[in-house]
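The values are calculated or read from the model by the stated rules, or taken from the named source; none is laboratory data. If you're wondering where the values come from, they're calculated on a predicted model, not measured in any experiment. Cβ placement follows ideal geometry from the backbone for every residue including glycine, while neighbour counts extend to all protein chains displayed. What goes into the accessible areas is simple: the full protein's heavy atoms, side chains included, and nothing from ligands, DNA or RNA. Shrake-Rupley method; radii C 1.70, N 1.55, O 1.52, S 1.80 Å.
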Amino acid sequence: MDQVKPSLTRPQTTDAEFFSYFFRLRDLLHLFHLGTKSYSAHIASQELYEKLLDSTDEMIEVFQGEKGELLHIIIDKTET
């Protein structure tokens, strides 16, 4: 099995950049989830960020399968 090694020298494609936003959104939702004082917002945001991660994973795997190549996704630092 090929081992995937991250490379910071290879540029990120437009497709990879698009998918990187889903990871960033998931991180922001998780931070909101941890910081809210509302129980209903806490529960709802947890459900959302968990489903978002699963859906993002599935979308990327389907995309890569269709294209026949792996994306080089860089996740920017999340700042609040």
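Couple of notes before you dig in:
- Any hit, region 10-18, residues being at pLDDT 90 or above, crowded, with 16+ Cβ neighbours inside 10 Å and within 10 Å of Ile73 (Cα to Cα): yes
- Among residues of region 23-34 that are under 17 Å from Ile60 (Cα atoms), none has a Cβ under 7 angstrom from a residue that is among the small types (Gly, Ala, Ser) and part of a helix (DSSP H, G or I) at a sequence gap of 6+ or on a separate chain.
- Enumeration of residues in region 63-78 that are open to solvent by 100 Å² or more (accessible area, probe 1.4 Å) and part of a loop (DSSP other than H, G, I, E, B): Glu69, Leu70, Lys77
- Scanning region 60-80 for residues that are of a type in the set (A, V, I, L, M) and either in contact with a Phe, Trp or Tyr (Cβ under 7 Å, 6 or more places away or on another chain) or at pLDDT below 95 (or both) yields Ile60, Leu70, Leu71, Ile73, Ile74, Ile75.
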